[in-house]
Structure formats: C-alpha cells, structure tokens
Amino acid sequence: MTGSGSRQDTGQAFPIYITVVAGLLFLALAYLAVGQAAVNRGGAQTAADAAALAAAQDRRDQLAGKWVDDLLDPTKWQAIFDGDVRLPPSCWRAEELAAQNDADAQCSPQGPLAFTVRAETHKSVGDSVVPGSENFHSKASAKAVIKSICTFAEPGEGAGGDVLPRLVCENGRDWDLKPDDLTQLPEPQDLFDVHLAAD
C-alpha cells in the first residue's frame with residue numbers, strides 16, 4: 001500500500017511540476033522580451049541624440065562660416081551669434097545620421113539655435129511571448145542647442161575704425177583679430193557650443 005500511495009503522489013505532483021516549469025519558462029521569455037525592448041529603445045535614443053547633434057553642428061558650422069564672411073563688418077556679428085540670419089536648412093543632417101543608426105527621424109528647428117528630433121527604429125523588438133512585439137518599433141526624442149560662447153565690444157563701445165573687436169570666449173581663449181591678418185581665426189567650436197538639452 002505504501003508503494004502504491006507513493007506512486008500516486010508522484011503522479012499527482014507531475015502536472016504541478018510541469019505547470020511550474022512552464023510558468024518559469026514563460027517568465028524567462030517575457031524578461032527576454034523586455035530586455036530586447038530596452039536594447040531597441042536604447043538604439044532609438046542613440047539615433048535621436050546623434051541626429052539632433054548633427055543638425056545643430058551643421059547650423060553651428062554655417063553660423064561660423066557666416067561670421068567669417070562678415071568678419072570685417074562687426075555690426076553684423078551679434079545677429080550671427082544670436083542665429084538671427086538666413087541660412088540653409090540643417091535637418092537633412094539629422095535624417096542622414098538617423099539613417100546611419102538604422103532609424104527614421106523627424107527633425108524640427110526650435111528657433112534659430114535648437115533642433116528637436118524624434119527617431120523611430122527600423123527594426124522591431126522581434127517575435128516574443130508578448131503579443132504584438134513583432135510590430136513594435138521603439139521611439140525616442142532628443143533636443144540639441146547651440147550656444148554662442150564669445151562676447152565682444154559692440155562698434156562704438158571702444159571698437160571701430162580699422163581695429164576689430166576683441167572676442168572674449170568662455171573656453172578661456174581671447175581673440176585679437178586684425179583686418180590685415182586673418183590667417184588665425186577661431187574654429188566653429190571656438191565660437192559656439194553644441195550640446196544636448198532636456199526636450
């Protein structure tokens with residue numbers, strides 16, 4: 001009787017064991033799906049960050065180029081440093097960088113010195129135990145801003161004639177510019193800072 005009872009208990013426990021193992025397997029697969037989603041989300045954020053920075057850096061380079069073009073007319077400098085000049089669009093760089101990170105991007109200028117990018121990954125999370133995950137594409141957004149880091153004396157405040165205003169920049173370097181010697185000029189990164197900001 002004892003042996004028979006033991007076999008019966010074993011037989012009753014087996015379905016419970018299978019159920020527990022199946023439940024644990026499901027949880028493991030669910031955690032895997034969550035992990036895949038996190039990786040996918042990270043890829044979307046990387047694409048958004050890179051795209052926003054690319055657009056802002058393109059605008060920074062254009063502003064620096066405009067400043068060089070108008071170097072001998074200091075009355076135009078402040079408008080350039082404020083971004084208050086007409087320049088070609090820069091969002092194409094955001095779309096290009098997003099594509100390189102396997103994502104699509106929607107880029108929007110936020111005034112003259114900032115860009116917001118919303119990116120969506122090309123790849124889905126993939127098949128998993130979570131219904132619909134194979135159709136889920138991660139999305140993320142980022143904002144990059146451009147900041148002028150140099151100041152100068154406006155014409156009429158000690159600058160004028162054949163002497164250009166002195167640029168005093170936050171990076172610790174000052175620039176004494178001479179109209180007759182323009183071989184040593186600041187680089188775009190010397191004039192403007194580009195960084196990510198809260199969206």
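Where a number appears in this text, it was derived from the coordinates with a stated rule and is not lab data. Here the structure is a predicted model, which means the values were calculated and not measured. Neighbour counts are summed over all protein chains in view; Cβ atoms, including those assigned to glycine, are modelled from backbone coordinates with ideal geometry.
Here are some notes:
- Ordered by the count of other Cβ atoms within 10 Å of each Cβ, fewest first, I80, I149 give I149, I80.
- A Förster distance of 45 Å, applied to the separation of the beta-carbon atoms of K123 and D174, puts the FRET efficiency at 0.40.
- Sequence of T121, T183 once ranked by neighbouring C-beta atoms within 10 Å, starting from the fewest: T183, T121
- Straight-line reach from K123: taking Cα to Cα under 12 Å and skipping same-chain neighbours fewer than 8 places apart, the aspartates and glutamates in range are D102, D104, E134.
- Neighbour counts of other Cβ atoms within 10 Å put T75, T151, T46 in the fewest-to-most order T75, T151, T46.
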